[in-house]
Amino acid sequence: MMTLTHLLVGSLATGIFLQTPQPEILLVGAIASMLPDVDISTSPTGRILSPISRFLEKRFAHRSATHSIVASGIVGVVSYGLWLKFPLIPLSFIHSLNIGYFSGWFLDCFTKSGVEMFYPLPLRCVCPKNRNLRFSTGSSQEYFLIAFLVGIAIWIFQVNSNGGLMTEFNRLIAAPSGVEELYNQKGGSNLILANVEGVYASDRTPIKGEFEIIAANGNGFIVLRDNEIYKAGNDADANIITQRITGKVSKPAVVEIETLNFLDEDIGKLSKYQGKEAYLSGSITVDDPESVILNPHPREYQAIALSGSTVNLNTAPIDQVIPLLSEQFLTGNLSVRIIYVQ
């Protein structure tokens, strides 16, 4: 097989098994797929590692010892042993090295001469049985394979960028667990958008649209659209009862959590978050609860509730909280969730 074919298969196998779009990990897998050909000095690997290549070339036939289960076992023992001794090496690199090495020699099973998979047994493993269907290096069949692999690689890279194969499957069947998995994986570095189909819990009016996921809540999500907040899911307190929900990764974003402590103070500490995408959670005591007037919309999520002199906040938008408590003196602790869109 040509160098390009090996590189594509090594990176593709790494992407599939590790479900990662990270270029450095894919690169390790791609380079590792070239290592089995160190047994011949005319290969790219053989030219780079010429002393090792010349040593192996004199003692072993091409596609024999280095293209076998024994060789993969040795690579695994040595690489994982080094990782145990030097744990600063990322484990994902070790995984990709082993995946790339195995895929590199296994690919050669589909060539005319095959490989000695069970070395030291001289039996050659070839596939398929019909010799005319096997690949020859540089043949039109191989170029067709390269084009096919490029298409698959692009698709796998996109799938992995969106959370992996299982997330993609869950998205296909619109399973809530797929959105949850996507949010857990990417919610710390990107905005996650949810496409929701369902009905309003208050009056069973149909609703369909795209919402920004602010936070997970129970078995559902707190979502935002047009400055209106809802809880989407199938919990008893959901505002939107979902019939179908899918998620997708949107703009890069950084989420920060800060804690504020109040001891009979005004809302001055909240002013720095005004105008930002910030949400408050926690309980705070106010000095004049009678002036806290809530006008909840029956369809929307009730992020602010009053119980005696305590205001309970649960993912409440900062721009709703500041006007409501602007004349109050506060005592208690609040958690602030700030989303910075890049």
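The values are calculated or read from the model by the stated rules, or taken from the named source; none is laboratory data. Small disclaimer: the values here were computed from a predicted structure and weren't measured. No Cβ is skipped: glycine too gets one built from the backbone with ideal geometry, and neighbour counts run over all protein chains shown.
Descriptive notes on the structure:
- The residue pairs whose first member lies in region 261-280 and is free of Cβ contacts under 8 Å to residues at least 40 places away in the same chain and of a type outside the set (Gly, Ala, Ser), whose second member is surrounded by 12 or more Cβ atoms within 10 Å (Cβ to Cβ) and in a strand (DSSP E or B), and whose beta carbons are closer than 6 Å, counting only pairs six or more residues apart or on different chains, are 269/260.
- Test set (1) surrounded by fewer than 21 Cβ atoms within 10 Å (Cβ to Cβ); (2) touching a helix residue (DSSP H, G or I) at 6+ places or on another chain (Cβ under 9 Å) - residue 30 fails condition number: (1)
- The residues listed here are 64, 72; of these, the one that is among the small types (Gly, Ala, Ser), crowded, with 18+ Cβ neighbours inside 10 Å and outside any helix (DSSP H, G or I) is 64.
- Residue ID - farthest from the chain's Cα centre (by Cα), chosen from residues in region 323-342 that are of a type in the set (Ser, Thr, Tyr) and loosely packed, with under 14 Cβ neighbours inside 10 Å: 326
- Verdict on residue 89 being surrounded by 12 or more Cβ atoms within 10 Å (Cβ to Cβ), part of a loop (DSSP other than H, G, I, E, B), among the β-branched types (Val, Ile, Thr) and under 37 Å from the mean Cα position of the chain (by Cα): yes
- Residue list for region 122-161, filter: more than 25 Å from residue 16 (Cα to Cα) and in contact with a helix residue (DSSP H, G or I) (Cβ under 8 Å, 6 or more places away or on another chain): 136
- Residues of region 295-311 classified as under 24 Å from residue 241 (Cα atoms) and surrounded by fewer than 16 Cβ atoms within 10 Å (Cβ to Cβ), total: 7
- Selected residue (criterion: surrounded by the most Cβ atoms within 10 Å (Cβ to Cβ)) from residues of region 108-125 that are of a type outside the set (Gly, Ala, Ser) and closer than 19 Å to residue 145 by Cα: 108
- First in region 302-325 and in the same structural domain as residue 266 (by TED's automatic domain parsing) and on the phi > 0 side of the Ramachandran plot, second anywhere and surrounded by fewer than 20 Cβ atoms within 10 Å (Cβ to Cβ) and in a strand (DSSP E or B), Cβ under 8 Å, 6 or more apart: 315/215; 315/217; 315/281; 315/337
- Taken residue by residue, region 207-225 has at least one member that is within 27 Å of the chain's Cα centre (by Cα), assigned by TED's automatic domain parsing to the domain that holds residue 181 and of a type in the set (S, T, N, Q).
- Candidates in region 126-157 are the residues that are free of Cβ contacts under 8 Å to residues at least 12 places away in the same chain, assigned to a helix (DSSP H, G or I) and of a type outside the set (A, V, I, L, M); of these, the one that is surrounded by the fewest Cβ atoms within 10 Å (Cβ to Cβ) is 132.
For (1) under 27 Å from residue 146 (Cα atoms); (2) within 33 Å of the chain's Cα centre (by Cα); (3) among the aromatic types (Phe, Trp, Tyr); (4) in a helix (DSSP H, G or I), each residue gets a yes or a no:
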site: 6; (1), (2), (3), (4): yes, yes, no, yes
site: 25; (1), (2), (3), (4): yes, yes, no, yes
site: 31; (1), (2), (3), (4): yes, yes, no, yes
site: 47; (1), (2), (3), (4): yes, no, no, yes
site: 51; (1), (2), (3), (4): no, no, no, yes
site: 56; (1), (2), (3), (4): no, no, no, yes
site: 77; (1), (2), (3), (4): no, yes, no, yes
site: 84; (1), (2), (3), (4): no, yes, no, yes
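- Tallying residues that are in a loop (DSSP other than H, G, I, E, B) and under 28 Å from residue 205 (Cβ atoms) within region 293-331 yields 11.
- Residue list for region 137-191, filter: acidic (Asp, Glu) and at pLDDT below 70: 168
- The set of residues in region 104-157 that are of a type in the set (A, V, I, L, M, F, W, C) and more than 30 Å from residue 74 (Cβ to Cβ) comprises 133, 144, 147, 148, 150, 154, 155, 157.
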